[in-house]
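**Q** The following block contains the structure, expressed as structure tokens.
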Amino acid sequence: MDPRLEGKKIYILTATCDSRLGTVAAISTFLASRHGFIVDMHQFDDVISGRFFVRTVFFGDVHKSPDVNGWREQFMEVARREQMEWAIYEEDKPARVLVMVSKFDHCLVDLLYRHRRGELHMTIPAVVSNHPDMQALVESHGIPYILLPVTPANKAEQEARLLEIVEETQSELVVLARYMQILSDDLCRQLRGRAINIHHSFLPGFKGARPYHQAHERGVKLTGATAHYVTADLDEGPIIEQIVERVDHSYDPTRLAAAGRDSECRALSAAVRFHIERRVFLNGNRTVVFR
């Protein structure tokens with residue numbers, strides 16, 4: 001953190017609305033009138049969708065500015081006037097992230113490592129899985145492991161239980177770290193904008209079984225991974241991050257798979273970080289990501 005910000009209570013304001021003149025001025029005037037000091041501001045006006053997006057990092061005067069609830073209450077008038085979808089977050093409050101996994105461990109291990117190192121400012125209240133394979137690993141980190149085996153007969157029941165877990169743990173984000181079960185359309189709708197999946201290719205690309213063998217057979221020169229929000233359209237959700245790796249004729253399927261695992265870890269961790277740092281906005285079937 002910038003030494004000048006030590007001891008300051010930092011807030012993040014995110015907002016989106018229809019494009020119109022004066023929105024940035026409305027936000028900056030509101031903050032200035034309450035002794036709010038803007039540390040960082042990113043904005044984007046999408047001329048195609050006609051939507052405006054803004055992310056503002058600020059702090060207030062300890063004696064003259066409101067607390068987080070005051071900021072939220074007082075900003076409502078600006079938000080109503082500008083017809084905004086908005087939120088104000090406390091920067092030092094970690095996001096609560098529920099992780100889901102099956103039998104592949106590389107993305108889970110990477111997230112746990114980055115979490116332990118402080119690279120991802122989040123709390124992991126639990127890891128949910130449809131297999132017992134990762135239980136010892138997860139519990140060694142002091143994180144509860146919840147086993148929810150899924151069969152065609154109990155899929156609806158287990159998805160209902162998953163939503164209960166999301167609510168019980170107060171998780172604001174669900175991360176599918178190579179969770180190898182297709183979520184129902186209804187569950188995807190209920191988790192819209194708050195569930196991230198990692199796909200094992202640079203979408204659109206080789207879908208289905210044995211993707212690295214398909215890539216090898218086609219002699220690809222680029223491979224990678226795609227992190228996206230979960231939607232009912234399988235592997236078609238709004239893309240948050242993509243990692244691209246250049247390969248050549250010397251890569252056999254095993255080496256391609258190794259490169260792919262690395263790309264998956266990098267893409268997923270970046271997407272999670274962007275989300276929990278409030279840098280991602282849904283823009284129809286696309287995203288706006290302020291890096």
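The values are calculated or read from the model by the stated rules, or taken from the named source; none is laboratory data. Remember, it's a predicted structure, so these values are computed and weren't measured experimentally. Note: ideal-geometry Cβ built from the backbone for every residue, glycine included; neighbour counts use all protein chains shown.
**Q** Pick from 184, 171, 140: which is exposed (fewer than 13 other Cβ atoms within 10 Å of the Cβ) and of a type in the set (Gly, Ala, Ser)?
**A** That would be 140, the only listed residue that is exposed (fewer than 13 other Cβ atoms within 10 Å of the Cβ) and of a type in the set (Gly, Ala, Ser).
**Q** A further question follows. Specify which of the listed residues (8, 64) is buried (at least 16 other Cβ atoms within 10 Å of the Cβ) and assigned to a loop (DSSP other than H, G, I, E, B).
**A** Just a single option satisfies the conditions, and that option is 8.
**Q** Would you mind finding the one in 105, 110 that is over 28 Å from residue 92 (Cα atoms) and buried (at least 17 other Cβ atoms within 10 Å of the Cβ)?
**A** 105
**Q** Test of understanding: among 273, 255, 286, which residue is free of Cβ contacts under 8 Å to residues at least 12 places away in the same chain and out of contact with any strand residue (DSSP E or B) (no Cβ under 6 Å at 6 or more places or on another chain)?
**A** Testing whether each residue is free of Cβ contacts under 8 Å to residues at least 12 places away in the same chain and out of contact with any strand residue (DSSP E or B) (no Cβ under 6 Å at 6 or more places or on another chain) leaves just 255.
**Q** If a residue must be surrounded by fewer than 22 Cβ atoms within 10 Å (Cβ to Cβ) and either part of a strand (DSSP E or B) or outside the structural domain of residue 185 (by TED's automatic domain parsing) (or both), how many such residues does segment 229-239 contain?
**A** So the answer is 1.
**Q** Which residue out of 59, 75 is surrounded by 14 or more Cβ atoms within 10 Å (Cβ to Cβ) and farther than 24 Å from residue 283 by Cβ?
**A** Of 59, 75, the one residue that is surrounded by 14 or more Cβ atoms within 10 Å (Cβ to Cβ) and farther than 24 Å from residue 283 by Cβ is 59.
**Q** Just the residues that are over 16 Å from the mean Cα position of the chain (by Cα) and either within 30 Å of residue 19 (Cα to Cα) or part of a loop (DSSP other than H, G, I, E, B) (or both), please, taken from segment 94-109.
**A** 102, 103, 104, 105
**Q** Applying the selection to segment 159-184, what residues are among the charged types (D, E, K, R) and either in contact with a Pro (Cβ under 9 Å, 6 or more places away or on another chain) or within 20 Å of residue 239 (Cβ to Cβ) (or both)?
**A** 168, 178
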